[in-house]
Amino acid sequence: MYSSIISIAMNGMNGYPVRVETDVSPGLPDFSMVGFLSSEVKEARERVRTALRNSGFALPPKKVTVNLAPADIRKEGTAYDLALAISLLAANEVIPGKFAENIVFIGELALNGALRPVHGILPRVCCAKDAGLTTCFLPYDNRREGAVVDGMRIIGVRNLQEAVHLLAHPEAQEPEVCPAREILEQARSYDVDFSEVNGQYGMKRAAEAAAAGMHNLLLIGSPGSGKSMIARRIPTILPGLTWEECLAVSKVYSVAGLLNDRQPLIIHRPFRAPHHTISTAALVGGGRIPRPGEISLADRGVLFLDELPEFQKNTLEVLRQPMEDRQVMIARVGGSSSFPADTMVVAAMNPCRCGYYPDRSRCQCSVSDVRRYLGRISRPLLDRMDLCVEAPPVGYADFRQPAGSSESSAVIRERVEQARKVQQARFQEDSIFFNSQMQPKHVNQYCRLGPHEEQLMKEIFETKKLSARAYHRLLKVARTLADLSGDGGIREAHLIEAAEYRSLEEKYWG
């Protein structure tokens, strides 16, 4: 007998249907699996056979051949166990094959027949929906994550026996309902707020501009000046995630295995702050089976790199391409995987190892020590930081400000949202959403300068010896500042402020 059951495989962020074909025929007892399989997929033969026996399903001693099609794409992971078990039962006529037609089966089997959760359920279910399928049998612990996808019947099962019973009795099936959109509409509360930051108006202004245009931001200052405090509050001034953004971000977390029954959907802007000892693969993604890194987990949110010079130099240099292209491409012999990296990179650093340069009354570092420390940040990486702002020491008067005297995150967020609306209207015919995403053709179209502004820009370019990348990024920041102020065109004040955000490169790096 022959049976065919559908499952879903993963390649990076994308799923694709896999058909588990099983043929049972007379002959010497044998169980062979083909279809370009990894070791963990081949091991499914023993898991499934033992799970079937312990679940009370006796299979006759016959020749069994299983093919996972398409056979030219490598299959990895343990998510095919349930589909393989159902296919074996259908081929042996233990259950009628018609019960499992046009149903997707995903899940890993324990030896006792229990179903264990697997990673990547959300993109797998989305793939099933795109393929025209309507029903998915998933592990019980993955049911809420799968139910996030509209238009899909998600049946959560605890073990193999329950799956077989529900297939034979469709009236007993109770699709999982996840009020995802209601979850999204819940109040997005944060534990931190900009009203808690006293003083540091320059840093707060730079953070607002960075949030308005999704620009990269570098904060330089002595220890305790509020750099990390500002960075951790940037997500509170970003507009809330839309439904489409929630799904896009949640897919990344699903592939990384960071969603669970209690949190089936990411509803806040991500904020990732990896330690400076992080490896290159953990930061940008990779591994034998490619997985998203921290920069992809911060997609549509903030990647905060504290103590920037303490990161390994090679690790920082790998960030250059994702910061430019806003995606990570990981190539392996078996194929390439792409992960999103549409992230605002916020970095903080001290100006020297002790942290107090150029205050010579407190800094004991030699000139060569300072140069060596700052030299860990390359100029190409600096070019990709749109705004660079200094954090002066906080004065006593700032600490004694009355509560509520500083602007709250809600007030700042209103201005950021207004600037974002201007950008959305501007780029409605382009495939971009923020000023930071503009390509040179967009800069030429949307960042035109008047005669006085053109002369000023020429002076800035020649004085600061800007690279082509720095020139375009300065204009993008000026465009965002104009959007924040409600101006239709870029004025001299916007160019001057944008140029000031690049002045620290000369001060510290020469």
For the range 356-425, the per residue accessible area (1.4 Å probe, Å²) is 58 Å²
What base-10 log of the normalised intensity I(q)/I(0) is obtained for the range 60-121 from the Debye formula, alpha carbons as equal point scatterers, at q = 0.16 Å⁻¹? -0.62
Label point distance in nm, ASN102-GLU43, each placed 7 Å from Cα along Cα→Cβ: 3.7 nm
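Suppose all protein chains stay in the model; what accessible area per residue would a 1.4 Å probe give for the range 2-178, in Å²? Before the final figure, lay out each step's value.
On the way: 7420 Å² over 177 residues.
That works out to 42 Å² per residue.
Normalised by the residues of the chain, what does the relative contact order come to in percent, with Cα pairs under 8 Å and at least six apart?
Details: 982 pairs, mean separation 67.7, N = 510.
That works out to 13 percent.
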Using R₀ = 35 Å, calculate the FRET efficiency as 1/(1 + (r/R₀)^6) where r is the Cβ-Cβ separation of GLU492 and LYS441; round to 0.05. 0.90
Beta bridge orientation in the chain: antiparallel %, DSSP, nearest 5: 45 percent
Relative to the longest principal Cα axis of the chain, at what angle does helix 409-426 sit, 0 to 90 degrees, rounded to 10? 80 degrees
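What is the diffusion coefficient of the range 247-327 in µm²/s, taking the Kirkwood radius over Cα pairs and the Stokes-Einstein relation at 20 °C with a viscosity of 1.002 mPa s? Before the final figure, lay out the partial values.
Numbers: Rh = 13.3 Å.
So the translational diffusion coefficient is about 162 µm²/s.
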Reachable lysines from LYS129, Cα under 18 Å, same-chain residues fewer than 8 places away excluded? LYS251
Applying the gyration tensor rule to the Cα atoms of the range 349-391 (axes a ≥ b ≥ c; rounded if a/c under 1.5, else prolate if a/b exceeds b/c, else oblate), the class is oblate
Let me know the shape class of the chain, please: from the alpha-carbon gyration tensor, a ≥ b ≥ c as square roots of the eigenvalues, rounded when a/c is under 1.5, otherwise prolate if a/b is greater than b/c, or oblate. prolate
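Can you tell me the relative contact order of the range 438-510? Whole percent, Cα pairs under 8 Å, sequence separation 6 or more. Walk me through the numbers before you get to the answer.
Details: 47 pairs, mean separation 27.0, N = 73.
RCO, the range 438-510: 37 percent.
Over 20 Å apart: what share of the alpha carbon pairs of the range 2-178 falls there, rounded to a whole percent? Don't skip to the answer; put the middle values down first.
On the way: 7258 of 15576 pairs.
It works out to 47 percent of all Cα pairs.
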Residue-span extension gain [GLN424 to GLU174] - 0.36 nm each, minus C-alpha spacing: 85.9 nm
Percent accessible area from carbon and sulfur atoms, the chain, protein chains only, probe 1.4 Å: 50 percent
Under the rule rounded for a/c under 1.5, else prolate if a/b exceeds b/c, else oblate, using alpha carbon gyration tensor axes a ≥ b ≥ c, the range 438-510 is classed as prolate
What translational D, rounded to a whole number of µm²/s, comes out for the range 187-409 from Stokes-Einstein when the hydrodynamic radius is the Kirkwood one over Cα pairs, at 20 °C and 1.002 mPa s? 115 µm²/s
Find the accessible area per residue for the range 222-305; the probe is 1.4 Å, ligands and nucleic acids are left out, and the unit is Å². 34 Å²
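Test of understanding: what is the full-extension gain from MET1 to GLN312, defined as 0.36 nm times their sequence separation minus their Cα-Cα distance? Mind showing how you got there, number by number?
Working: separation 311, 0.36 × 311 = 111.96 nm, distance 5.81 nm.
Extra length available between MET1 and GLN312 comes to 106.1 nm.
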On a full-extension model of 0.36 nm per residue, what is the gain between ALA281 and SER408, subtracting their alpha-carbon distance, rounded to one decimal in nm? 42.0 nm
Estimated FRET transfer efficiency (ALA71, SER32; beta-carbon r; R0 22 Å; 0.05): 0.95
What lysines sit close enough to LYS421 to cross-link, taking a C-alpha to C-alpha distance under 19 Å and skipping anything fewer than 8 places away on the same chain? LYS476
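Percent antiparallel among DSSP beta bridges with both residues in the range 2-178, to the nearest 5? It would help to have the intermediate numbers written out before the result.
Working: 20 of 35 bridges.
For the range 2-178, the DSSP antiparallel bridge percentage is about 55.
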Along Cα→Cβ, 7 Å out, is where each label goes; now give me the distance between the ones at ARG288 and ASN260 in nm to one decimal. 2.6 nm
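The values are calculated or read from the model by the stated rules, or taken from the named source; none is laboratory data. Just so you know, these numbers come straight off a predicted model, no measurement behind them. Here the Cβ is made from the backbone with ideal geometry for all residues, glycine too, and neighbour counts use every protein chain on show. SASA here: full protein model, heavy atoms, side chains in, ligands and nucleic acids out. Shrake-Rupley method; radii C 1.70, N 1.55, O 1.52, S 1.80 Å.
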